[in-house]
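Shown next, in structure tokens, is the structure this report addresses.
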Amino acid sequence: MDRSGEKPEPTVKSGWKEEKMKRTKLRSIILAGILAALSFVLMRFTEFPLIPAAPFLKTDLGDIPLLIGAVYLGPWYGVAIAFVKNLLFLASGGGSGGLLGSTVNFIALSSFAIVLGSIVKRTINLKRLLLGFTAGTVVMALVMIPVNFWAVPLFLPGITRPALISYLFKINLPFNLIKGALDTITTVVTLTAIKKRNLSI
Amino acid sequence: MRKRSFFGQYNFSDSLLCKLDPRVKIVLVFSIVVFLFFVKTISGYILLLLFSIFLILLAKSKISDVFRSLAPILFLLLFTVLFQLFFTPGKVVYSFFFLKVTSEGIYLATYIAMRLMLLSFFTFVLTATTSNIELTDGFEAVISPLKIVRFPTEDVALMISIAMRFVPVLFEEATRIMKAQTSRGVLFNKGSLMQRARSFLPLLLPLLLNAFNRADQLAIAMEARGFVVGKARTKYREMQIKKIDLFFIFLFILIMAASIMVKRI
């Protein structure tokens, strides 16, 4: 049969548009709040170190709800989710980093969310998603260099400048790139799974 | 159970600190935590440490709770202390094969260990004496001046209270789904990095889909009850600053001034 005449997904697309109109601000705020809570819960469930040489650089699946929030709700909701998630983390007694760790995590994730959210702009197709995630990863890794340049000496005042720079480029930069790549893969897989179910978000 | 150790830091008591205005507590603890990074002497840190112990005693918290709050930073503490101890150049006090302990190293290690402990002690004092509702209300009040620059403070506060409300629910749900999927043969925490990341999809997807459903239901329920985003609402509990709050503000300022003025040992 010749299938070229058929349009494969007209119903899905119009469905998306219709649902988008229905989304109210209240619903977005509630969804963002729940995603922040989910992000926090997953962070506590699934913290594992990425590079064996630097066990304090941890990653977790808590970024997935946040990035999904940035994709569906927009960049500023992504930033808000990152903020609330770190606030919850602090209120629950704080992770290994305390206030400083939370601030650094917030800066990293919000830079990722801003770039991702403004590239994707709520239109979800694979091309834009991959572009957004790649740009987000790169921007996050680049932003983390000056931030860590400021933050690491607060934990290790004795560190020398060459040691700090070699740490930043040999451990920290690859770590952030791997972390971003892992986030990209897991989130895109999750997003496709959600889209397959043809849900209205 | 483990659920308690999540937000279980708060325990109600009739202590003075529990009665303080949450806004005052948040601002004071936040400012002293930032201030910690400006104290350059160990004697200043000793003063602050004594002060934090005084606050912990005043909060009537259990010693075991205090030590449990140190547990997450234990690894970082050990790592930084050992790093400072062995890799700081200076006058060698003791050497063991290739490891050299210098006097500067000992100084820096003590300094950084105290800084990390103080950070977690002061945060503990706040979270142990303030309930979640008070924290949210206090935080909303603290950021409310940002309204001038058109920052949506009410929206953020609503998000925070919803997030706090849903953490125990989602935690329970995650545990349940994890058990259900384990009984179906999903292996969490096993295999390579990619395998582990993939094994969380059966956990993540139900959680996310439930989150979407919940957001729908809650939004409908709230709108049906006449909730309007950003509109001013009345509160059941009004916060007000009393004499005891002013006393603590004064005390904190005094301690901060004293700790920066004490001479270097």
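Every number in this text was worked out from the coordinates using simple rules, so none of it is lab data. Note that the structure is a prediction, hence the values are computed from the model and not measured. Note that each Cβ is placed from the backbone with ideal geometry, even for glycine, and that neighbours are counted across all protein chains shown.
So the values come out like this:
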item	result
Using a Förster distance of 45 Å, the FRET efficiency for A:Thr160-B:Lys242 (Cβ separation, nearest 0.05)	0.35
Order of B:Met256, B:Met159, B:Met261 - criterion: other Cβ atoms within 10 Å of each residue's Cβ, fewest first	B:Met261, B:Met256, B:Met159
Charge tally in the Cβ shell below 15 Å around B:Ile56, where Lys, Arg are +1 and Asp, Glu are -1, B:Ile56 excluded	+3
For the range B:207-219, Karplus couplings with θ = phi - 60° (6.51, -1.76, 1.60), whole Hz, Gly/Pro x	4, 5, 5, 4, 4, 4, 4, 4, 4, 4, 4, 5, 4
Projected label distance in nm at B:Arg184 and B:Phe67, using a 7 Å step from Cα toward the beta-carbon	4.2 nm
Kirkwood Rh, Cα atoms: Rg over Rh of chain B	1.05
Aspartates and glutamates whose Cα lies under 17 Å from that of A:Lys25, excluding same-chain neighbours fewer than 8 positions away	B:Glu154, B:Asp155, B:Asp216, B:Glu223
Members of A:Lys85/A:Lys195; B:Lys62/B:Lys231; B:Lys62/B:Lys100; B:Lys40/B:Lys100 lying beyond 31 Å, as alpha-carbon distances in this model show	B:Lys62/B:Lys231; B:Lys62/B:Lys100
For a label point 7 Å along the Cα-to-beta-carbon line of B:Phe35, residues of the range B:225-265 with backbone N under 16 Å	B:245-263
Derived scalar couplings ³J(HN,Hα) [the range B:168-180; Karplus, 6.51 cos²θ - 1.76 cosθ + 1.60; whole Hz; x for Gly, Pro]	x, 4, 5, 5, 4, 4, 4, 4, 5, 5, 4, 5, 4
Peptide B:205-216 - average C-beta neighbours from other chains (10 Å radius)	6
For the range B:20-68, alpha-carbon Rg over 2.2 N^0.38 Å	1.27
Surrounding net charge for B:Phe124, when Lys and Arg each add one and Asp and Glu each subtract one, Cβ distance under 14 Å	+3
Helical contribution to [θ] at 222 nm, DSSP H n ≥ 4, -39,500 (n - 2.57), averaged over chain B, rounded to 500	-22500 deg cm²/dmol
Per-residue mean of C-beta atoms belonging to partner chains within 10 Å, peptide B:168-181	2
10 Å binning of all Cα-Cα separations within the range B:92-177, expressed as whole percents from 0 upward	14, 22, 23, 17, 13, 10, 0
